[in-house]
């Protein structure tokens, strides 16, 4: 058990290279929290920036706010999916994205993550959408 009373086990098949910045899989027990895709607009559904990293920051802040409504914190996140308009921008600005991630959610990278480039998002100004599954300790 970790300090937030959560049983979490990272799944790393024998002989596989360790992933950087994510886990291949995670198993946990407890109450599930599903956070819908969050984009880079504020609580009033207004974009404050068209900058990719600024939108990542806001989307992560939105994820954190929704988690808080369930009594969850970023440490409860087990799975995260990123939907990106431009994978090249995501890769080119990876250091900035990582810094924003750590500032908003902390340094836990033992999360099953996927990132997918998509043709478009429902909001025209959105450059990224992030959805999360979290588990509260039993």
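Odds and ends about this structure:
- Once the Cα-Cα distance is subtracted from the 0.36 nm per residue extended length, the residue 102 to residue 17 segment shows a gain of 28.3 nm.
- Fewest neighbouring Cβ atoms within 10 Å first, the residues 113, 78 line up as 113, 78.
- Rounded Å value of the spacing that divides the Cα centres of segment 39-53 and segment 66-138: 15
- At R0 = 41 Å, FRET efficiency that the Cβ-Cβ distance of residue 119 and residue 24 yields, to 0.05: 0.90
- Pairwise Cα separations in segment 43-130 fall into 5 Å bins from 0 onward with the following percentages, short to long: 3, 13, 24, 28, 19, 11, 2, 0.
- Stretched out straight at 0.36 nm per residue, the stretch from residue 7 to residue 65 would grow longer than its current Cα-Cα span by 18.6 nm.
- Cα gyration tensor shape of segment 18-81, rounded if a/c is under 1.5, else prolate or oblate by comparing a/b with b/c: oblate
- For the peptides 36-45, 53-62, residues were scored by their other Cβ atoms within 10 Å and the scores averaged per peptide; the highest-first order is 53-62, 36-45.
- Antiparallel beta bridges, as assigned by DSSP with both residues in segment 21-136, represent about 70 percent of the total such bridges.
- Theoretical ellipticity at 222 nm over the chain - DSSP helices of four or more residues, -39500 (n - 2.57) apiece, nearest 500: -8000 deg cm²/dmol
- Calculated FRET value between residue 88 and residue 48, using beta carbons and R₀ = 22 Å, to 0.05: 0.40
A short reminder: the numbers here are calculations on the coordinates, not readings from a lab. These numbers were taken from a predicted model, which means no experiment stands behind them. Positions of Cβ are generated from backbone atoms using ideal geometry, with glycine treated the same way; all protein chains shown enter the neighbour counts.
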